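Asks: So that we are looking at the same thing, I have put the structure below in structure tokens.
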Amino acid sequence: MGNHTLVEAKTKKTTAPKKKSKKKTSKKLVIVESPSKAKTIEKYLGSTYQVVASIGHVRDLPKSTLGVDVDQDYEPKYINIRGKGPVIKDLKKAAKAAKQVYLASDPDREGEAIAWHLQHILGLDPEQKNRVVFNEITKDTIKNAFKEPRTINQDLVDAQQARRIIDRLVGYSISPVLWKTVKRGLSAGRVQSVALGLIIARERQIQAFQPEEYWTLDSEFKKDKSKFKASFYGFAGKKQPLPDNAAVQAVMADLDLKKPFQVSEVKAKERKRQPQPPFTTSTMQQAANTQLKFRTRKTMMTAQQLYEGINLGRGLGQVGLITYMRTDSTRLSAVAKNAAAQYIHDEWGEEYSSHKPIAGTPQEGAQDAHEAIRPTDVTKTPASIKDKLTPDQFKLYSLIWSRFVASLMTPEILDTLAVTVEQNGVLFHANGSKTKFAGFTKAYPSAKEKDNLLPDLAEGDEVDLAKTNPEQHFTMPPARYTEAALIKALEENGVGRPSTYAPTLDTIQRRNYVRVDARKFVPTELGEIVQTIVEDKFPDITDTKFTAQVEHSLDEIEVGDKKWVPVVDEFYKPFSKEVQSAEETLEKITMHDELAGMDCEVCGAPMVIKMGRYGKFYACSRFPDCRNTKAIVQEIGITCPKCGKGQVVERKTKRGRKFYGCSRYPDCDFVSWDKPKDPNQVDDKVVSATGEDQEASGSVATKTKKKVPAKKKTSEAK
């Protein structure tokens, strides 16, 4: 509605108020990527601003063609993304009506590229200062950011453009080679091929591993009523391995088990454990994977929600809870440090606050474009807003909050005790520790070291041997990569950047190059075939040093030290020759299905074993004429405890978790996470012999067997 202006007549006669039409005031338009982010920011900017979302990218290279002119300085052929027509139309309409347009996409290379594309589509002046960046979505940060808009940073755009073009050249050049020689639907990429190569190399190490035998001799000693454990160390001050049982027997032969042992040395020390720096993207992904069991994609999706804003109610509305979650920096702002120091002083006391933050060591080539990942307001503790968060949001926010606060606290102090027990030159060592000062673990309890208490011992004290436990072991092969371990390996090799890890791990699983077993990556036959071709024909793509050098060159483009066209050219010229050679020399590879040893129940043709998204399964060899399939199950030799007719079989969920069920499902719905035991089977409980028992038996390896009824561990599905 328009305002009314009263016009007074010069005469005494009054006239009715006249209406003046008011011109509609245009607003300032702000464009971000996501609707939730738009909602949070609009609340802080007020009624003179309109904040809308582009829903991610609006322009990209076409999917149907290469989209890069390799003969014209690698000129990209960008097109509006299919399906984004209505969004682009609305953005143009809003921009045309706006008093001023601001581009406020994320503060990284990709966000800068999105702003650049929006500038092109909306026809904005490249010289105009309309780019706004902020590392956290809080009222003060947002308002300050809009006071200092800048022009588009072309170096950032060019770095992202170079990455996109190089990855397009790799993918659209190698993929057709793989389609021609193996099968359609396959792909390869710079970071993807290195990740797959690491997984396969680790698998080859495991297959080639030769275990070596070794023994341990752990013993329990007692002083008065107190007991403690110690392990065999060696002779006369020198460490001695125990390669076999004969070595154990030789040690025992030197001991007089009826006589006491003497405490020959006691060393008491104070040890400090420093807190870790606040999270970067990769360390957050690793910690969430190991501590919360989050997949990398889930971690990033949840972090995005925390960054863009959560509705906290209570008059607060939508609030961004963490800083930007794509960063390779451990740097913290002075404001954040001061706020945390005040909180630590108020909550736990001055002795828990460090004078300066614990500085992490950024990886080589770290962009350091943003702060570390931290809470935007340290006083918003996880417990205080738990009821406003989903379980996943609460878990991740708690992890981020605790790590940040802990990084600005004093060390944990432990009293440690190292004890040597001796008889006839044979040495046993025991180590104990006790927390003296909690330090940073007050804020980060999960990082606390567990106490291992020893009795009060002094040099010259005598202790008695209560029990020995000689055990045979074999060296283990290196472990398969978990998501956390693989991300760490990629980061250590300088391969990829924070934003690339989640999509990379997702791609190698979707392509069926790897499967996940017990949260660890196992390469498939298809993955090994693809990797062998890529390693043989495109060695640079799988070379970690080469890929890391490409990343370094992209960083140099970002800071203006290099131009993007020469960087792409330096990569593509030798690569294109490898592509041509591969097309001329590679022959078709036929992947034969393994026979299942049974016939199809529908048509009688042989069944074969195929690999699907969730592992192997039986399928009819006449596919697609016959589409009969069966799950591969493994019987464990136990009759179903519920129906008594079927056999208990081992199955897996879609996420790879093992469970047990009845072979007669769905007629019988018995299911259990725990492996059921045969009620007629008994367990052998090993009872370790004391020193006196061993002497009487004449052998250190003597084990007494005792029959114990087995406990049934079954549970029915609800």
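The values are calculated or read from the model by the stated rules, or taken from the named source; none is laboratory data. Worth saying up front: this structure is predicted, and the values here are computed from it rather than measured. A quick note on method: Cβ atoms are made from the backbone with ideal geometry, for glycine too, and the neighbour counts reach across all protein chains shown. Only protein heavy atoms, including side chains, enter the accessible area calculation; ligands, DNA and RNA are left aside. Shrake-Rupley method; radii C 1.70, N 1.55, O 1.52, S 1.80 Å.
Asks: Cut-off under 13 Å on the C-alpha distance; same-chain residues fewer than 8 positions from LYS448 excluded. Which aspartates and glutamates are left, in chain and number order?
Replies: GLU412
Asks: Now a separate question. LYS537: which aspartates and glutamates have alpha carbons under 19 Å from its alpha carbon, excluding same-chain residues fewer than 8 sequence positions away?
Replies: Output for LYS537: ASP167, GLU525, GLU528, GLU570, GLU578, GLU583, GLU584, GLU587.
Asks: Can you tell me the orientation of helix 85-97 relative to the chain, as the angle in degrees between its alpha-carbon axis and the longest Cα principal axis, to the nearest 10?
Replies: 50 degrees
Asks: With a point put 7 Å past each Cα toward its Cβ, work out how far LYS239 is from THR629 in nm, to one decimal.
Replies: 5.2 nm
Asks: Identify the trypsin sites (Lys or Arg not before Pro) of the range 142-232 meeting these criteria: DSSP loop state and at most 10 other C-beta atoms within 10 Å of the C-beta.
Replies: ARG184, LYS225
Asks: Give the Kirkwood hydrodynamic radius (Å, one decimal) of the chain, defined as one over the mean of 1/r across all pairs of different Cα atoms. Please report the intermediate quantities before stating the final value.
Replies: Working: mean 1/r = 0.0317 Å⁻¹.
Across the chain, the inverse of the average 1/r is 31.5 Å.
Asks: Using helices alone, I'd like the mean residue ellipticity at 222 nm for the chain: each DSSP H run of four-plus residues gives -39500 (n - 2.57), total over residue count, nearest 500.
Replies: -10500 deg cm²/dmol
Asks: In the full protein assembly as shown, how much of ARG657 is accessible to a 1.4 Å probe, in Å² to the nearest 10?
Replies: Accessible surface of ARG657 is approximately 140 Å².
Asks: In nm, to one decimal, how far is the LEU66 label point from the THR544 one, both placed 7 Å along Cα→Cβ?
Replies: Here the modelled spin labels are 3.2 nm apart.
Asks: For helix 544-558, report the angle its Cα long axis makes with the longest principal axis of the Cα atoms of the chain; keep it between 0 and 90° and round to the nearest 10°.
Replies: Once rounded, the angle reads 30 degrees.
Asks: Magnitude of the Cβ-charge dipole of the chain, K/R +1 and D/E -1, about the Cα centre, nearest 20 debye?
Replies: 4960 debye
Asks: Identify the GluC sites (Glu not before Pro) of the range 525-588 meeting these criteria: DSSP loop state and at most 15 other C-beta atoms within 10 Å of the C-beta.
Replies: Passing both the DSSP loop test and the Cβ count: GLU587.
Asks: So, one more: Which angle between 0 and 90 degrees, to the nearest 10, do you get for helix 564-585 versus the longest principal axis of the chain when only C-alpha atoms count?
Replies: On a 0 to 90 degree scale, this one is about 60.
Asks: Positive end of the charge dipole of the chain (Lys, Arg +1 and Asp, Glu -1 on Cβ, about the Cα centre): tell me which of LEU586, VAL567, GLN305 has its Cα farthest that way.
Replies: So the residue furthest toward the plus end is GLN305.
Asks: Moving to a separate point now. Roughly speaking, what is the stretch gain from LYS259 to LYS386, that is 0.36 nm per residue apart minus the C-alpha to C-alpha distance, in nm to one decimal?
Replies: Net length gain for the segment: 39.7 nm.
Asks: Want the number for ARG657 to ALA605: 0.36 nm per residue separation, take away the alpha-carbon distance, what's left?
Replies: Full-extension gain reported as 15.5 nm.
Asks: Report the FRET efficiency, 1/(1 + (r/R0)^6), for LEU453 and GLU525, where r is their Cβ-Cβ distance and R0 is 51 Å, rounded to 0.05.
Replies: Calculated value: 0.50.
Asks: Shape of the range 183-326 from its Cα gyration tensor (a ≥ b ≥ c, root eigenvalues): rounded if a/c is under 1.5, otherwise prolate when a/b > b/c, or oblate?
Replies: Note, shape of the range 183-326 comes out oblate.
Asks: How big is the gap, in Å, between the Cα center of the range 129-185 and the Cα center of the range 289-321?
Replies: Using only Cα atoms to place each centre, the spacing works out to 23 Å.
Asks: What's the longest uninterrupted piece of the chain once you rule out the chymotrypsin sites (Phe, Trp or Tyr not before Pro) that are loop residues per DSSP with at most 15 other Cβ within 10 Å?
Replies: Longest gap between qualifying sites, sites excluded: 210-613.
Asks: Here is the link list: LYS395/LYS520; LYS222/LYS267; LYS227/LYS269; LYS63/LYS298; LYS139/LYS337; LYS183/LYS293. Which ones come out longer than 30 Å on Cα distance?
Replies: Pairs exceeding the cut-off: LYS183/LYS293.
Asks: Next question. What is the local net charge at GLU203, summed over the other residues whose Cβ is closer than 10 Å to its Cβ (Lys, Arg +1; Asp, Glu -1)?
Replies: Details: positive: ARG202, ARG204, ARG480; negative: GLU528.
Around GLU203, the surrounding residues sum to +2.
Asks: Select from the range 51-153 those GluC sites (Glu not before Pro) which occupy a DSSP coil region and have at most 13 other Cβ atoms within 10 Å, ordered by residue number.
Replies: Values: sites: GLU110, GLU112, GLU127, GLU136; in loops: GLU127, GLU136.
Those that pass, being in a loop and sparsely packed, are GLU127.
Asks: Explain nothing, just the number: relative contact order of the chain, from Cα pairs under 8 Å at least 6 residues apart, as a whole percent.
Replies: Relative contact order for the chain comes out at 14 percent.
Asks: I want the antiparallel fraction of DSSP beta bridges within the chain, as a percent rounded to 5. Could the numbers behind the result be given before it?
Replies: Numbers: 92 of 102 bridges.
Roughly 90 percent of the beta bridges in the chain run antiparallel, per DSSP.
Asks: Is the range 244-287 rounded, prolate or oblate when judged by the Cα gyration tensor, a ≥ b ≥ c being the square roots of its eigenvalues, rounded requiring a/c under 1.5 and prolate requiring a/b larger than b/c?
Replies: oblate
Asks: Further, regarding this structure: How large is the dipole of the range 517-600 about the Cα centre if only Lys and Arg carry +1 and Asp and Glu carry -1, each at its Cβ, rounded to the nearest 20 debye? Present the calculation step by step, with values, prior to reporting the outcome.
Replies: Numbers: 9 positive and 21 negative charges, 50 e Å.
The dipole magnitude comes to about 240 debye.
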